[in-house]
Structures are given as structure tokens and as C-alpha cells.
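**Q** My structure is below; once you've seen it, I'll send some questions.
The values are calculated or read from the model by the stated rules, or taken from the named source; none is laboratory data. Note that this is a predicted model, so its numbers are computed, not measured. Here the Cβ is made from the backbone with ideal geometry for all residues, glycine too, and neighbour counts use every protein chain on show.
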Amino acid sequence: MKKLSSLEHHFLIAMPSLNGSWFEKTVIYIMEDNEHGTTGFVVNLPQDFQVQDLLSHFNFPPPENVSFLEQPILQGGPVDVEQGFIFHKPEGQWKSSVALPDGLTMTFSDDFVEALSKNQAAEQFLICLGFSGWKPGQLAQEIQSNSWLTISYNESLLFDTPIEQKWQVALETLGISPEFLTLEAGNA
């Protein structure tokens, strides 16, 4: 059986076998996938919490006349849900950031939130609370059991596609229509 290569900088698309679970119809950006396990962030599960609420939580005044104040904060996963992770472009100078491929950056410091209050942060950003994690080999096993499909990173899917459409759009990049998905796994 051929071993899957690293899924870093790819998306996972939840299959119907995950319906009824926490991951139902999710799209997950995979930031890390190596011998230590896999870390990803759900990019289509909004919370009832918006950027303006985050600014208020940190006692930062909201900037005037900006559209991002009503952008929802996303539930990045069920692990460490109090920790915030911000995916953004362009890179910028932040206290705690990790450069990712294609000019994407993940920041996890409050100086980015403060910059939002001054309308001086990155133009494109998503904020996730928490992350999703898999032990070594666990995700590969879930993919083989038909729980996930994978696609390459797509900046438009991450930043431009409305949250409620990301799962369907991700499937459509593979030429799959959601109504034709099945719970059955097949082998060629």
C-alpha cells in the first residue's frame, strides 16, 4: 500500500461518513503533517462571535468604517479553543508568526488584534479559535476509510469564498456535486 505524502498546505474536505460528528461538512487547512502528527484548522465553522467582539474582549476600540468588524471568528477545531490563530496575507511584522507557503502566514499574537483596532492589519485574514489534531498515522487511516477528501491549497477558497459555501466549493474543485456523495468507500 502506497504511503500518502505530506498533506501540509492542503485542505481536507469532510465526507458524509462524518455527518453527525463535530467535523460534519468541514473544510480544514492542514498546516502541519509529519511524523509527529497532523495539525489543521477548520475554515468554515463560524462562531457567534465576530471581530468586533474580539476587539472588545481585548479592550481595543474598533476602527471606523471598516467591513471586517462583522467577520465571524471561526472554530478552528475542538483542541485548545481558547487559543487564537490568525491566517493572513500579506505577511507583516508580528511578534509570533509562522511563514507558510504561497505567502500565507499564521500569527498567534495579540499585536495583530491591536493592529486590527487601528485598521493596520493584513488585508486578508481569518481568525480561528482552537485547532484540529491527529496522532501519527491517524489522518491517513481516516482518509483511507473515506472520511476525508484532499485538495491542494487554494487562496481563493481560504479568503474569498463565503464561509457557508466553502464545503461545496471545495468539493466542486474536484468535480464532485454534494448530492452524489455516498457513505460507502470503494477500492479500485
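**Q** So Cys128 ticks every box in (1) closer than 21 Å to His9 by Cα; (2) of a type in the set (A, V, I, L, M, F, W, C); (3) assigned to a strand (DSSP E or B); (4) out of contact with any Gly (no Cβ under 6 Å at 6 or more places or on another chain) but one. Which box is left unticked?
**A** (4)
**Q** Then there is this: Can we say Leu139 is touching an Asp or Glu at 6+ places or on another chain (Cβ under 8 Å) and either surrounded by fewer than 18 Cβ atoms within 10 Å (Cβ to Cβ) or not in a loop (DSSP other than H, G, I, E, B) (or both)? Explain how you work it out, then say what you get.
**A** On the way: touching an Asp or Glu at 6+ places or on another chain (Cβ under 8 Å): yes; either surrounded by fewer than 18 Cβ atoms within 10 Å (Cβ to Cβ) or not in a loop (DSSP other than H, G, I, E, B) (or both): yes.
It is true that Leu139 is touching an Asp or Glu at 6+ places or on another chain (Cβ under 8 Å) and either surrounded by fewer than 18 Cβ atoms within 10 Å (Cβ to Cβ) or not in a loop (DSSP other than H, G, I, E, B) (or both).
**Q** Is one or more of the residues making up segment 153-161 over 14 Å from Phe41 (Cα atoms), at pLDDT 95 or above and among the charged types (D, E, K, R)?
**A** Checked segment 153-161: at least one residue is over 14 Å from Phe41 (Cα atoms), at pLDDT 95 or above and among the charged types (D, E, K, R).
**Q** Being aromatic (Phe, Trp, Tyr) and not in a loop (DSSP other than H, G, I, E, B): is that true of Phe60 here?
**A** It is false that Phe60 is aromatic (Phe, Trp, Tyr) and not in a loop (DSSP other than H, G, I, E, B).
**Q** Here is a further query. Tell me, which residue of segment 19-43 that is touching a helix residue (DSSP H, G or I) at 6+ places or on another chain (Cβ under 9 Å) and outside any loop (DSSP other than H, G, I, E, B) is surrounded by the fewest Cβ atoms within 10 Å (Cβ to Cβ)?
**A** Gly37
**Q** Which of the residues belonging to segment 25-46 are aliphatic (A, V, I, L, M) and over 10 Å from the mean Cα position of the chain (by Cα)? First the steps, then the outcome.
**A** Quick first cut of segment 25-46, residues aliphatic (A, V, I, L, M) only: 27-28, 30-31, 42-43, 45.
Those that are aliphatic (A, V, I, L, M) and over 10 Å from the mean Cα position of the chain (by Cα): none in segment 25-46.
**Q** While we're looking at this one, here's another question. Looking at Asp111, Asp102, which one is assigned to a helix (DSSP H, G or I), more than 30 Å from Pro61 (Cα to Cα), over 13 Å from the mean Cα position of the chain (by Cα) and charged (D, E, K, R)? Spell out how you get there, then give the answer.
**A** Working: Asp111 fails: more than 30 Å from Pro61 (Cα to Cα).
Answer to the selection: Asp102.
For (1) of a type in the set (A, V, I, L, M, F, W, C); (2) free of Cβ contacts under 8 Å to residues at least 24 places away in the same chain; (3) on the phi > 0 side of the Ramachandran plot, each residue gets a yes or a no:
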{"residue": "Ala14", "(1), (2), (3)": "yes, no, no"}
{"residue": "Ser17", "(1), (2), (3)": "no, no, no"}
{"residue": "Tyr29", "(1), (2), (3)": "no, no, no"}
{"residue": "Thr38", "(1), (2), (3)": "no, no, no"}
{"residue": "Phe41", "(1), (2), (3)": "yes, no, no"}
{"residue": "Phe49", "(1), (2), (3)": "yes, no, no"}
{"residue": "Asn59", "(1), (2), (3)": "no, yes, yes"}
